[in-house]
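Written below as structure tokens is the structure these notes are about.
The values are calculated or read from the model by the stated rules, or taken from the named source; none is laboratory data. On a predicted model such as this, the values are computed, not experimentally measured, just so you know. Here the Cβ positions follow ideal geometry from the backbone for every residue, glycine too, while neighbour counts run over all protein chains shown. Each accessible area value is taken on the protein alone, full model and side chains, heavy atoms only, with ligands, DNA and RNA left out. Shrake-Rupley method; radii C 1.70, N 1.55, O 1.52, S 1.80 Å.
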Amino acid sequence: MKILVTGGAGFIGSCFVLQRVNSSDFIINLDKLTYSGNIENLNAVSDKPNYAFVRGDIGDSELVKKLLEEFQPDAVVNFAAESHVDRSIVDPDIFVRTNVLGTEILLRTVKEWWENLPTEKKDNFRLHHISTDEVFGTLKLEDPAFTEETPFAPNSPYSASKASSDHFVRAFNETYGLPTLITNCSNNYGPRQFPEKLIPLMTLNAISGKKLPIYGTGENIRDWLHVEDHCEAIYEVLTKGKVGETYNIGGKSERTNLFIVNKICSILDDIKPREDGKSYKEQITYVKDRLGHDFRYAINCAKVERDLGWTPRHTFEEGIKETVQWYLDNPSWVESIKTGEYRKWLEANYNGRE
Ligand code: NAD
Ligand code: DAU
């Protein structure tokens, strides 16, 4: 299969590219290399004949058109996005530019190329948009998990921009018949996640002797899924999903933030004890809550399990241990991302909290 992947230098996109290149699919990876895109994420496949990287923006219609015409992909999988809620609170504009306008330009450009394809290629083509459970808003403890029928109620600028992009994808299917698929996934964890997100941030702060900043009470709940499981689910939906539909992907692993941070500390206490013999839990500190902080996300993924036979392979207990170990084993990766834009942003926005 020939796939044009966008945002494939980021955390989830790079995992998908690695899986697909190693399974002999042909991949072109179009990525702008923003602060969270890291070309080193693709080191393992960069020399393979079935992989090529192009630096560019999904909102650059001319470039996307050229790639579509030259590569003639069977599918486009759109991971490209601004992905961090805290950043969207500080600076929402770029979230609209990339997640809303960028997605719309990508859809329009793909649609214009797709309408002129021969019938069989046209029918078999897929545009798969990667989205988030945050479009559904927030849950109380006693609420049932999000299903595909849960109404959208996005609360942060990030989730509002993702909800908007999902609506555009749906509209391009309804209006023009573009064969689209959408997956809405819960929180991912695993190797190569940019350390602004909870798990890598806490792991790397802990071993650097820094504070572990918990927003509010730490009772907020997320539903954690290993990134490799997510990417396997995406491939199942891409190849077997019903056109025009959405699929929820989740880990069936709801945990409070406090549980996660304590777990990371316990793992580190075992595998890399502090020199003073104390627990890393000593570094936990409670800080001002995130504005509009969603209390709980939980995914009901019965549809993808029932219709496509996918289910997560990793248990959270094993997955989190391997993940913490990965960040310890890859100091050169950590160095490669701790420069440039990220450093500047942290200094401007996170003073004293890191
Ligand atoms: P990430 O920030 O690690 O990666 C995003 C990638 O997109 C980067 O490589 C970046 O350079 C690229 N990019 C950004 N703007 C671009 C543009 N205009 N043109 C081309 N490339 C651009 O994000 P991630 O965590 O890997 O998330 C990938 C996708 O999955 C996003 O759409 C996100 O909303 C969604 N998602 C993430 C999670 C999660 O837990 N991380 C969960 C569900 C859904
Ligand atoms: O649910 C899917 C979403 O998960 C994705 O769509 C987003 O792209 C991804 O970033 C993630 O969003 P969250 O806001 O849930 O992830 P984050 O890692 O930023 O935060 C997880 C929880 O931890 C959240 O309740 C806020 C809290 N937190 C986070 C950070 C960075 C802290 O308490 N302290 C922190 O320093």
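A few points about this structure:
- Within the shell of other residues whose beta carbon sits under 11 angstrom from the beta carbon of residue 301, the net charge comes to -3, with Lys and Arg scored +1 and Asp and Glu -1.
- Exposure of residue 310 as accessible area (Å², to 10), given a probe of 1.4 Å and all protein chains: 10
- Surface exposure of region 192-331, expressed per residue as accessible area with a 1.4 Å probe, stands at 43 Å².
- Lys, Arg +1 and Asp, Glu -1 on Cβ, resulting dipole of the chain about Cα centre, debye, nearest 20: 380
- Of all accessible heavy-atom area on the chain, the percent that carbon and sulfur account for (1.4 Å): 49
- Amide H contacts under 5 Å for residue 2, placed H, 5+ residues apart: 26, 74, 75
- Probe 1.4 Å, accessible area per residue of region 10-134, Å²: 41
- Region 21-129 - convex hull of alpha carbons, volume per residue in Å³: 112
- Evaluated with a Cβ-only charge set (Lys, Arg +1; Asp, Glu -1), region 1-93 carries a dipole of roughly 280 debye about its Cα centre, given to the nearest 20.
- Förster radius 35 Å - calculated FRET efficiency between residue 302 and residue 326, Cβ distance, rounded to 0.05: 0.70
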